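Scroll down for the structure; my scribbles are underneath it.
The values are calculated or read from the model by the stated rules, or taken from the named source; none is laboratory data. Keep in mind that what you see is a predicted model, and the values were worked out from it rather than measured. Reconstructed Cβ throughout: ideal geometry from the backbone, glycine too, with neighbour counts over all protein chains shown. The area values use the complete protein model at the heavy-atom level, side chains included, leaving out ligands, DNA and RNA. Shrake-Rupley method; radii C 1.70, N 1.55, O 1.52, S 1.80 Å.
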Amino acid sequence: MRKVGIILFWGITSLCLLALVSLPINLQTQLIASIAVVTFMAVIKILRAEGTWRLTALAFGTAIVMRYVYWRTTSTLPPLNQPENFIPGFLLYLAEMYSVMMLALSLFVVAMPLPPRPSRAASEGKYPSVDVFVPTYNEDAALLANTLAAAKALDYPADKLTVWLLDDGGTVQKRNSANLLEDQGAKARHNDLQILCRDLGVNYLTRERNEHAKAGNLNNGMAHSQGELLAIFDADHAPARDFLLETVGYFEDDPKLFLVQTPHFFLNPDPVERNLRTFEKMPSENEMFYGIIQRGLDKWNASFFCGSAAVLRRKALDQTGGFSGVSITEDCETAIDLHASGWNSVYVDRPLIAGLQPATFASFIGQRSRWAQGMMQILRFKFPPLKRGLSIPQRLCYTSSTLFWLFPFPRTIFLFAPLFYLFFDLEIFTASGGEFLGYTLAYMLVNLMMQNYLYGSFRWPWISELYEYVQTIHLLPAVISAILNPRKPSFKVTAKDESVLVSRLSEISRPFFIIFGVLLFALGVTIYRVYTEPYKADVTLVVGAWNLLNLVLAGCALGVVSERGELSATRRVKVTRRCEFGLADQWYPATIDDVSANGARINVFAKNLSSPPVDTRGLIRFKTHGGDIEEILPVAIRNTQVAGDIVTVGCLYLPEEARHHSLVADLIFANSQQWTQFQLSRRGNPGLFRGTVWFFGLAFYQTTRGLIYFFSNPGARDKARKLTEAKK
């Protein structure tokens, strides 16, 4: 009876809202209503009111959005008898309706996300057996050594833990390839990794053929192991010591639980962050997904497997035939099948692994293309809105996750729509300047404020638009290809251990400069038309302002594709850990100040110590986490700086045996708390106004930097052109 009452209440409320939205009111009343709603939402945000007040503000914002949709649908479309106006106008309308639909789905998912779950260790004496899988294809042995050493050092009963390296780069198929280079490389890799695994005390496993990519590799691992739970880590995702202690207890609480997913934390910036220099001061792109969206999905039992940093129940996978391999995003596909079979998932919002992101813009786009194509395959083959077995909230959540990757279509339309009017005088949006202020500008402001409400300190203003724009140009053909031929895309491993040694333009940067030039020319056309056609100045200024906003985004993107030269692929992380530093048979008290995947910086207390030459061999002596015995790690001194009695030494790790890899892993990955502290240090909500001012300043600087790269570095342009042609 109560359920019927709730449905009736929401039904009546919805009808009343629709009636209010469709009321015929004049422009002055619309302007007053818009100003009132924007002011109310701003006050609620300033007061930091949560709970019911937050939902009330979002509801008022939704009313303005729906009012805009009603006006846009009934009053602004060009007439059908003008196809040159109607066709591009209707495409723009569809793009806007897609944005409204995605906003509605976002509101459903994250309006009130679950608070972060507490850690849940297994009860004493009830530790389930765990197989740790590290799938690999072409990753370097040194990278694998750190990940395997960290997995082997997990704080968990040794008799309940088995670590497996699942090598798809040394299969029998590759070791007998007709291609001599592939054959010899696979044989050498097979032998080297077998030795590495033996030294580290982990199991090496390969298979006959490379079938079904990563899903097939994981299923082969399942066939040769028998642990109750499976912990999955990508080759570059090294776990902290407490990863299992923070996660496995949830399986004890719920016998129908198939997944505990944790966030992906990255040691290095993605190319956007690296080239814009925002990594240390602004939340990463993935933090919006892992910090808010996954918690929102978790509320509806729809948080899904992300391919790594997760624990899964073998029994659940056995029921659905293992990891799904129809799409190239086997993680989300596996989760949707298991959710549809009645299994549950949990999301633990604490970074317990540290990994690497693509360092170059081209690799970044390649990774996102695979994600986009995989989600299109899931949309085609699984079709979440009608997937049998899913609850209605789960259907909405998976629909949101898959439809998001259609963003290249509306983003392309938004980019070029102003040009139809400025270049060809087509009226694809029938409205006056006053109507634009009363409806469209109010809608845009409310939309931005709602995004700020939903994502706050996890996503700063205009950053989502920038990320979508820089991906759109190259993702659009990839998405179209997957829609037209969903069985065509193949799994491609993303290169993540790269570095950009010399500043240069990305090899795929040319379209960004062409688009910037077109938009800049359109700005000139705007000025010209305002001067020569003053009777249409209001519409021209509105369209010109839209083009100017696109120009700002396009200019900022020039900085994104202007690759900054860096010697290291990873950032240093603050640790502050006591140790001793050995040099020439002498030991000095010291503190490890920060670490990276390749080396460390150490503050050594040493009176009258002269700076040792570069590449001098040194030693670091320290206790591992949870250990009582001091261990020694050899290093090479790369640079020194003397300040009184403190000598700051920058050094490079020199692992010479398996135990040394374990020590490197302990220094970098063992303490998960450092990842949490780093994330919190860059989370702050600048607000809509300050965030917009900051972004426009950033865009101006990056536009200038990108143009300097383009005009002052012809060699880089030629190299980029040759790389592009070589890839065709």
Next item on the list: Report the label-to-label distance for Val614 and Arg117 in nanometres (one decimal), using points 7 Å from each Cα along the Cα→Cβ vector.
Entry: 5.0 nm
Margin query: So if I average 1/r over every pair of distinct C-alpha atoms in region 204-304 and take the inverse, what Kirkwood radius in Å does that give?
Written below: 16.7 Å
Check: Per-residue ellipticity at 222 nm for the chain, helices alone: DSSP H runs ≥ 4 residues times -39500 (n - 2.57), over residue total, nearest 500 deg cm²/dmol?
Finding: -16500 deg cm²/dmol
Checklist line | Sparsely packed trypsin sites (Lys or Arg not before Pro) within region 515-622, loop by DSSP, other Cβ within 10 Å at most 11 | finding: Lys607
Next item on the list: Please work out how much length the chain gains when fully extended from Arg682 to Arg564, using 0.36 nm per residue of separation minus the C-alpha to C-alpha distance, in nm with one decimal.
Entry: 40.3 nm
Item checked: Bins of 10 Å from zero: percent of alpha-carbon pairs in region 351-444 -> 12, 24, 26, 27, 10, 1
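Using Cα pairs under 8 angstrom and six or more residues apart, how large is the relative contact order of region 126-242, in percent? Let's see the in-between values first.
Numbers: 194 pairs, mean separation 51.7, N = 117.
Averaging sequence separation for qualifying contacts and normalising by length gives 44 percent for region 126-242.
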Next item on the list: Wrap a convex hull around the Cα atoms of region 361-414, take a quarter of its surface area, and give that in square nanometres.
Entry: 4.5 nm²
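Let a ≥ b ≥ c be the square roots of the eigenvalues of the Cα gyration tensor of region 166-211; is it rounded (a/c under 1.5), or, if not, prolate (a/b larger than b/c) or oblate?
It comes out oblate by the Cα gyration axes.
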Checklist line | Separation between Cα centres of region 238-298 and region 82-141, rounded to whole Å | finding: 12 Å
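Taking a ≥ b ≥ c as the square roots of the eigenvalues of the Cα gyration tensor of region 309-390, is the shape rounded (a/c under 1.5), prolate (a/b larger than b/c) or oblate?
Working: a/c = 2.29, a/b = 1.32, b/c = 1.73.
Note, shape of region 309-390 comes out oblate.
What area, in nm² and to one decimal, does the C-alpha convex hull of the chain cast on average over all directions? Intermediate values should be presented prior to the final figure.
Details: hull surface 146.9 nm².
So the Cα hull casts an average projection of 36.7 nm².
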Notebook entry, point to check: Along the charge dipole of region 322-480, Cβ charges K/R +1 and D/E -1, which of Ser464, Pro393, Tyr443 sits furthest on the positive end?
Noted result: Pro393
Note to self: Please report the antiparallel percentage of the DSSP beta bridges confined to the chain, to the nearest 5.
What the structure shows: 70 percent
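Please report, ordered by residue number, every helix of the chain (full DSSP H runs) that is 27 Å or longer along its axis going by C-alpha atoms and whose mean Kyte-Doolittle hydropathy reaches -1.0.
Working: long enough: 2-21 (28 Å, 1.82); 27-46 (28 Å, 1.76); 52-75 (34 Å, 0.33); 83-110 (40 Å, 1.40); 180-200 (30 Å, -0.54); 361-381 (30 Å, 0.06); 463-484 (30 Å, 1.14); 510-532 (33 Å, 1.53); 537-560 (34 Å, 1.68); 687-712 (36 Å, 0.70).
Helices meeting the criterion: 2-21, 27-46, 52-75, 83-110, 180-200, 361-381, 463-484, 510-532, 537-560, 687-712.
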Next item on the list: Mind giving me the nanometre distance, one decimal, between the label points for Ile527 and Ala49, set 7 Å out from Cα along Cα→Cβ?
Entry: 4.6 nm
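Rolling a 1.4 angstrom probe over the protein heavy atoms, how many square angstrom per residue are accessible across the chain?
44 Å²
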Notebook entry, point to check: Which loop-located GluC sites (Glu not before Pro) does region 86-179 contain, where loop means any DSSP state but H, G, I, E or B and the Cβ has at most 11 other Cβ atoms within 10 Å?
Noted result: Glu124
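Please give the charge dipole size of the chain, origin at the Cα centre, charges +1 on K and R Cβ atoms and -1 on D and E Cβ atoms. Round to the nearest 20 debye.
Values: 71 positive and 63 negative charges, 220 e Å.
Around 1060 debye, computed over the chain.
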Checklist line | Positive-end residue of Gly185, Val134, Ser432, charge dipole of the chain with Cβ unit charges | finding: Ser432
Margin query: Let me test this: with uniform point scatterers at the alpha carbons of region 516-638, what is the Debye-based log₁₀ I(q)/I(0) at q = 0.21 1/Å?
Written below: -1.16
Checklist line | Mean Cα-pair separation over length for the chain, i.e. relative contact order, pairs under 8 Å, 6 or more apart, % | finding: 15 percent
Checklist line | Contact order normalised by residue count of region 547-696, Cα under 8 Å, 6+ apart, percent | finding: 17 percent
Checklist line | Positive-pole candidate from Ser596, Gly544, Gly691, dipole of the chain, charges at beta carbon | finding: Gly544
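Subtracting the Cα-Cα distance from 0.36 nm times the residue separation, let me have the gained length for Arg277 to Tyr701 in nm, one decimal.
On the way: separation 424, 0.36 × 424 = 152.64 nm, distance 1.15 nm.
Additional length available on full extension: 151.5 nm.
Where the only charges are on Cβ atoms (+1 Lys, Arg; -1 Asp, Glu), what is the dipole of region 307-350 about its Cα centre, to the nearest 20 debye?
On the way: 4 positive and 6 negative charges, 49 e Å.
Dipole size: approximately 240 debye.
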Note to self: Sorting check: for 376-387, 349-360, which peptide has the highest mean count of neighbouring beta carbons within 10 Å, and how do the rest follow?
What the structure shows: 349-360, 376-387
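Can you give the extra length, in nm with one decimal, that the chain gains between Gln173 and Phe711 once fully stretched, where that is 0.36 nm per residue apart less the Cα-Cα distance?
Details: separation 538, 0.36 × 538 = 193.68 nm, distance 4.81 nm.
Residue separation times 0.36 nm, minus the Cα-Cα distance, leaves 188.9 nm.
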